[in-house]
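Let me begin by presenting the structure, written as structure tokens, before commenting on it.
The values are calculated or read from the model by the stated rules, or taken from the named source; none is laboratory data. Everything numeric here is computed off the predicted structure, so don't read it as measured data. Every residue, glycine as well, gets a Cβ built from its backbone with ideal geometry; the counts of neighbours run over all protein chains shown. Note: areas computed on protein heavy atoms with side chains; ligands, DNA, RNA excluded. Shrake-Rupley method; radii C 1.70, N 1.55, O 1.52, S 1.80 Å.
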Amino acid sequence: MALPFFYTDAIKTGAAQFVLGEETSKHAIQVLRMQTGEQLLLTDGKGHLFTTEIIDDNRKKCIVNVLSESVQTEPVKKITIAISLVKNSTRFEWFLEKATEIGVAEIVPLICSRTEKQHFRHDRMKNILISAMLQSQQAWLPKLNEPTSFAEAINHPVQQKFIAHCEEEMLKQQLVQTLSAHVTETIIFIGPEGDFTKDEITAALEHRFVPVALGNTRLRTETAGVVAATILCNC
């Protein structure tokens with residue numbers, strides 16, 4: 001049976017003991033009813049895994065001994081999804097969860113000309129990423145940027161750049177047909193519910209973005225983000 005898995009960015013490599021934060025302590029001791037002598041896993045979200053044993057089952061300041069350390073190999077491909085915020089925050093949160101499970105390395109919430117909602121609760125969104133990372137048994141937490149304007153985001157320095165849009169009169173290829181096997185860093189732009197404007201698409205092309213489609217049907221923003229993540233992380 002898999003050990004209970006928790007996240008903390010405070011633990012350091014080489015530590016002999018560690019005091020869990022109050023929230024983690026409460027979850028382990030009160031909710032899971034763990035006791036002294038039981039083991040659990042910790043990760044710092046930077047690839048490190050710590051196998052630990054509870055030596056003090058205090059529900060506010062649980063103390064663990066570090067039994068061993070290991071490193072989860074970082075994915076070869078670094079996939080960044082730059083995706084517009086959407087009016088329904090629940091749908092955006094669903095995207096964050098699924099993108100993390102799939103293995104996306106970085107997420108850039110975009111503010112485009114047609115973005116309807118700009119309110120962004122970073123702490124809540126990061127907690128969704130953490131939960132998805134733990135649920136999918138990963139030790140690499142995606143980087144979550146603050147909301148970024150389209151004009152700023154197109155300067156993101158990566159090897160391979162795509163923009164997915166719905167303009168039928170503008171030439172584009174299917175994403176799966178445009179990938180370069182030797183490229184390890186990729187970003188794709190996913191537009192808002194009203195799509196990118198023609199000016200935004202033109203600006204992206206001037207910055208050497210490749211225009212792409214994600215299939216033969218029109219997708220919601222959050223669905224397009226998940227489809228793009230699946231293709232890029234697995235091809």
Single match in Leu134, Leu110 (criterion: in contact with a strand residue (DSSP E or B) (Cβ under 9 Å, 6 or more places away or on another chain), in a helix (DSSP H, G or I) and in contact (Cβ under 8 Å) with a residue 24 or more places away in the chain): Leu134
Residue selected from the stretch 57-97 under the condition open to solvent by 10 Å² or more (accessible area, probe 1.4 Å) and among the small types (Gly, Ala, Ser), by the criterion farthest from His122 (Cα to Cα): Ser68
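Name every residue in the stretch 168-206 that is part of a helix (DSSP H, G or I), of a type outside the set (D, E, K, R) and open to solvent by 50 Å² or more (accessible area, probe 1.4 Å), in order of residue number.
Residues of the stretch 168-206 that are part of a helix (DSSP H, G or I), as a first pass: 175-177, 198-206.
With the extra rule that they be of a type outside the set (D, E, K, R), the set shrinks to 175-177, 201-205.
Val176, Gln177, Thr202, Leu205 - these are the residues of the stretch 168-206 that are part of a helix (DSSP H, G or I), of a type outside the set (D, E, K, R) and open to solvent by 50 Å² or more (accessible area, probe 1.4 Å).
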Unmet criterion (only one of (1) acidic (Asp, Glu); (2) within 30 Å of Cys235 (Cα to Cα); (3) modelled with pLDDT of 95 or more) for Asp57: (2)
Hits in the stretch 64-95 - residues which are touching a residue at least 40 places away in the same chain (Cβ under 8 Å) and of a type in the set (S, T, N, Q): Asn65, Gln72, Thr80, Ser84
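Kindly check whether there is at least one residue in the stretch 35-51 that is open to solvent by 70 Å² or more (accessible area, probe 1.4 Å) and assigned to a helix (DSSP H, G or I). Lay out the reasoning, then the answer.
Applying the first criterion (open to solvent by 70 Å² or more (accessible area, probe 1.4 Å)) to the stretch 35-51 yields 35-36, 38-39, 46.
From what is left, the residues that are assigned to a helix (DSSP H, G or I) are none.
There is no residue in the stretch 35-51 that is open to solvent by 70 Å² or more (accessible area, probe 1.4 Å) and assigned to a helix (DSSP H, G or I).
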Number of the condition not met by Ile163 [criteria: (1) within 23 Å of Glu97 (Cα to Cα); (2) in contact with a strand residue (DSSP E or B) (Cβ under 6 Å, 6 or more places away or on another chain); (3) open to solvent by 30 Å² or more (accessible area, probe 1.4 Å)]: (3)
Residues satisfying the stated conditions in the stretch 98-148, i.e. closer than 21 Å to Cys235 by Cβ, open to solvent by 20 Å² or more (accessible area, probe 1.4 Å) and among the polar types (S, T, N, Q): Ser136, Gln138
Residue match in the stretch 144-163 (condition: of a type outside the set (D, E, K, R), without any contact (Cβ under 8 Å) to a residue 12 or more places away in the chain and assigned to a loop (DSSP other than H, G, I, E, B)): yes
Number of the condition not met by Ile83 [criteria: (1) more than 30 Å from Phe209 (Cα to Cα); (2) in contact with a helix residue (DSSP H, G or I) (Cβ under 8 Å, 6 or more places away or on another chain); (3) outside any loop (DSSP other than H, G, I, E, B)]: (1)
Selection status of Ile54, assigned to a loop (DSSP other than H, G, I, E, B), surrounded by 15 or more Cβ atoms within 10 Å (Cβ to Cβ) and of a type outside the set (Gly, Ala, Ser): no
